[in-house]
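Structure first, then comments.
What follows is calculated from the coordinates using simple rules that are stated; it is not laboratory data. Values in this document were obtained by computation on a predicted structure and should not be read as measured data. Positions of Cβ are backbone-derived with ideal geometry, glycine not excepted, and every protein chain shown enters the neighbour counts.
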Amino acid sequence: YRAADYAALAGFAPTTVLAVSNLGAPILRHTPHRVLAGPYHRNAAGNLMALEAFMAAPGEAEAAVRRTGATLLALCPGNDEAGVIAGWASQGLAARLLAGDVPAWLAPLPAPAGAALRLYRVRPAERPTAALRPAFGPRSAIGR
């Protein structure tokens, strides 16, 4: 893991990054960011959150990522762990991203040619329209 591989990521304002566990330590070392997962046996909760998000099916991935609180996502196509996770969940988020299938709620970020990491920003969640909000209050049939 070379510092140059993390230069583009280091250029973003400090935030929480979702990445596979074996990228956690180099992200901490070479950037100002926090990570959820790392190669530490006492970090079970963070590692499980990352696994859940990267293995989540298309309909569940967005919610899984948003639960982590991460605003950036980093994935290395040549990383063995990313490949294993993609193999475990062939329709999961990691597999989709490695195949170039980026969901609408993620925005790919520019990186130099030949960069080791693919970077994505988690787009802000869409707010429900007024028609989708529950009707509670004095006009509601609830509590009558």
- Query: Exactly one of (1) part of a helix (DSSP H, G or I); (2) of a type in the set (A, V, I, L, M, F, W, C); (3) surrounded by 13 or more Cβ atoms within 10 Å (Cβ to Cβ) is unmet by VAL17. Its number?
  - Reply: (1)
- Query: Hey, among the residues in segment 53-67 that are surrounded by fewer than 19 Cβ atoms within 10 Å (Cβ to Cβ) and of a type in the set (D, E, K, R), which one's farthest from PRO32 (Cα to Cα)?
  - Reply: GLU60
- Considering each of ALA104, ALA70 in turn, give the residue that is part of a loop (DSSP other than H, G, I, E, B), surrounded by fewer than 14 Cβ atoms within 10 Å (Cβ to Cβ) and in contact (Cβ under 8 Å) with a residue 12 or more places away in the chain. ALA104
